[in-house]
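A quick write-up on the structure given underneath.
Bear in mind that the values in this text are calculations on the coordinates, not laboratory data. Please read all numbers here as calculations on a predicted model, not as lab measurements. Every residue, glycine as well, gets a Cβ built from its backbone with ideal geometry; the counts of neighbours run over all protein chains shown.
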Amino acid sequence: MVGGGSSSGGSGGRLHGFDGLRAIAACSIVVLHVTGATNASVRGPFSHYFARFDAGVAIFFVISGFLLYRPFVAAHLDAGRSVAVRHFYWRRAIRIYPAYWIALTATIVLFGTAHVHGAWQYVQHYLLVQIYTPKLLSGIVPAWTLAVEVSFYAVLPAYAWLLHRLTAARAASARIAVELAAAAIVYGGALVGRALVGSATSPDNYKLKWLPFMADWFALGLALAVVKVAYDAGLASKALRRAVDWADRAPTVLAIVGVLAFVAVAHIGLPTTFRSGTVAQDVERQILYGVMAASFVGVAAWSVSGRGAVRAALDARVMVLLGTISYGIFLWHDQILAQLMKWNFPDHVRHGTTLALFVVVFAATLAVATASWVLVERPLLRRPVEGRAAARR
């Protein structure tokens, strides 16, 4: 998954750490699917941890909420600024669709693992609206998360317009309060809706993958964006400034909170299969993943000085490189894994199957993802928009 918009700062400086976060999120999804293929996430001493590596989805969603909402909230706090919605949609479209279309076509034609049948299913998958039918796991299986992202892109400008209308005549402090209250309403509403829909059907209902029931993670990104923009503009309250200053000084503490949330969710009794458990467990998982993702993203989002070993690790060259091609990693790894499984690859390695499979899948994925970035994604992102292309996602 792509995970957010421009990583450039409002003053032209670059927001550090986000490539590293994307790398962590993308690699966690690879681990999830490889360990699922070898049953290491179903049984074994670490199965309850491997099964929770879908937490990478939450990281991607929080990143998107933060990076994509920053320009809108900055415009709300500065009456002289605006966001060109048409260009926002154009940038989102060229970032998501071309590379995805190539991967999906390869999945259908070359790998034969798409299981897409009939003209309407083809239309759904190529437009990324497959989550609205029970067949959402056809095509590129992890792409259901892309469909959620596309839903978020579609409604974000409308959400921003509504918040602008609600705050335009208010003082800056009131604007910030309304923005944070709105993010809290989205967060709470998503969790309540998830509990209600899950109670009415089951926690594994495909409808729970619709944006209204996944919006809590995006809302955390919205809130992080509001606080950071207010801080940078000198409009944050003393309490918010203290929070950002603390986060800037203590990124390791934030990272530890994220790790502890991940450990906690691995011990709430969730199934070690791709199922959700009870309604209560599903909501608890959603909350803990949100805490984990917001803590990790907060390390980069609320950075002021850029200091700290955790931030240095996120900005390490290998992390930046992996983050740069993370969309290709997300798109291609499951198809490569499926092909290796068709060839019965694990049967040929006996001992150390999971590790061997991961190494092969990851190496092949890196090669294809790099080609996707160099040949497809980067050339499109370099095309000018209003004189100069926006910074890459």
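When only C-alpha pairs under 8 Å and at least 6 residues apart count, what is the relative contact order of the chain, in percent?
29 percent.
Highest mean first, what order results for 170-178, 213-221 on Cβ atoms within 10 Å?
213-221, 170-178
Determine the relative contact order of the range 242-319: mean sequence separation of Cα pairs under 8 Å and six or more apart, normalised by residue count, in whole percent.
In percent, rounded to a whole number, it is 47.
What are the radius of gyration and Dmax of the range 241-333, computed over its Cα atoms and given in Å?
For the range 241-333, the Cα-based Rg and Dmax read 15.8, 43 Å.
Would you calculate the convex hull of the Cα atoms in the chain and tell me its volume per residue in Å³?
Spelled out: Cα convex hull of the chain, divided by residues, is 140 Å³.
Of L288, S372, I336, which is farthest along the charge dipole of the chain in the positive direction, counting Lys and Arg as +1 and Asp and Glu as -1 at C-beta?
My answer, from the dipole projection, is S372.
Given 0.36 nm per residue, what is the gain on full extension from A154 to V259 after removing their alpha carbon distance, in nm?
Stretched fully, the A154-V259 segment lengthens by 34.6 nm.
Checking the a/c ratio against 1.5 first, then a/b against b/c, what shape does the Cα gyration tensor give for the range 190-292?
oblate
Would you mind putting 143-153, 52-62 in packing order, based on average other-beta-carbon counts within 10 Å, highest first?
52-62, 143-153
Between the range 198-259 and the range 78-102, what is the C-alpha centre distance in whole Å?
23
Show me the helices of the chain, taken as full DSSP H stretches, that run 30 Å or more along their long axis by Cα and average 0.5 or above in Kyte-Doolittle hydropathy.
Going by DSSP H runs, the hits are 56-77, 144-167, 172-200, 279-301.
In µm²/s, what is D for the range 1-157 at 37 °C and 0.692 mPa s, where D = kT/(6 pi eta Rh) by Stokes-Einstein and Rh is the Kirkwood radius from Cα pairs?
For these conditions, the coefficient is 189 µm²/s.
Using +1 on the beta carbon of Lys and Arg, -1 on that of Asp and Glu, and nothing else charged, what's the dipole of the range 26-118 about the Cα centre, debye to 20?
So the dipole magnitude of the range 26-118 works out to roughly 220 debye.
For the range 229-374, what does the relative contact order come out to in percent, with C-alpha contacts under 8 Å and a separation of six or more?
Here the relative contact order equals 24 percent.
Take V374 and A169, extend 7 Å from each Cα along the Cα→Cβ direction, and tell me the distance between the two endpoints in nm.
Placing both labels 7 Å along Cα→Cβ, they lie 5.8 nm apart.
With no solvent and one point on each alpha carbon, what is the Debye value of log10 I(q)/I(0) for the range 246-295 at q = 0.17, 0.23, 0.25, 0.28 Å⁻¹?
Values returned for q = 0.17, 0.23, 0.25, 0.28 Å⁻¹ are -0.52, -0.78, -0.87, -1.00.
Could you give the length gained by full extension between A177 and R249, i.e. 0.36 nm per residue of separation minus their alpha carbon distance, to one decimal place?
Length difference between fully extended and current span is 23.5 nm.
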